[in-house]
Structure formats: structure tokens, C-alpha cells
Amino acid sequence: MNITDVRVRKVTKEGKMKAVVSITIDDEFVVHDIKVIEGEKGLFIAMPSRKAADGEYRDIAHPINSATRGEIQSMILTKYEETMAQEEAEAIDEQYAF
């Protein structure tokens, strides 16, 4: 499995959710609505989920093992941090543009 694309959409409202991400696997399969969350111990991802009849939220797509989850989370958080740094640099450039 190769994650061939990561697309980050920053969430503009205040709160713990910082971004929503889509990943493409092997240029053939897309998973949308992975959330980047700010927790007590730092950033982590939450897989797409749906509220069940009993009120519990259940993942509708998720990795089978922790190694795969770690790989996906690492790639997503790296891309998220790159995206935030780029947006910050662009905002500074705009601020000093003539």
C-alpha cells in the first residue's frame, strides 16, 4: 500500500479539529474526511465515522493494524504541518507585499 496523495483542508473555526484530510492509496482508492485533531498530547488523526443507531460513533474506514495507522498518521501530520507552514509563509509574504 502506498499513499500517493494527501490533501489537507484547514478548518477555519475554533476548536480541536484543525483540518479535514483526504488520502489516495495507490492512485486508485480515496478515503475522505479523516480529521486532524489537537489533543492533550498533540495532534492525532480520527478516521471517518458515522453515528450508529445506539448513539455511538463507529469508523467507516480504518486501518487493520497499528503499524498501518501509524504510517497513515505520520504522512498526514507531516503534510498538515507543511501546509500550515506554507500558509503562514504566504500570509507573511502578503503582509509585506507592495
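Values in this text are rule-based calculations from the coordinates and carry no lab data. None of these values were measured; they are calculated from a predicted model. Because the Cβ atoms are built from the backbone with ideal geometry, glycine has one as well, and the counts that use them run over all protein chains shown.
Among the residues of the range 28-48, is there at least one that is at positive phi and without any contact (Cβ under 8 Å) to a residue 40 or more places away in the chain?
Yes, the conditions are met somewhere in the range 28-48.
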*Restricting the range 72-98 to residues that are touching a residue at least 24 places away in the same chain (Cβ under 8 Å) and among the hydrophobic types (A, V, I, L, M, F, W, C), which is farthest from R9 (Cα to Cα)?*
I72
*Of all strands (runs of 3 or more DSSP E) completely enclosed by the chain, which ones contain at least 1 residues that are over 14 Å from the mean Cα position of the chain (by Cα) and loosely packed, with under 12 Cβ neighbours inside 10 Å?*
29-39, 49-51, 57-59
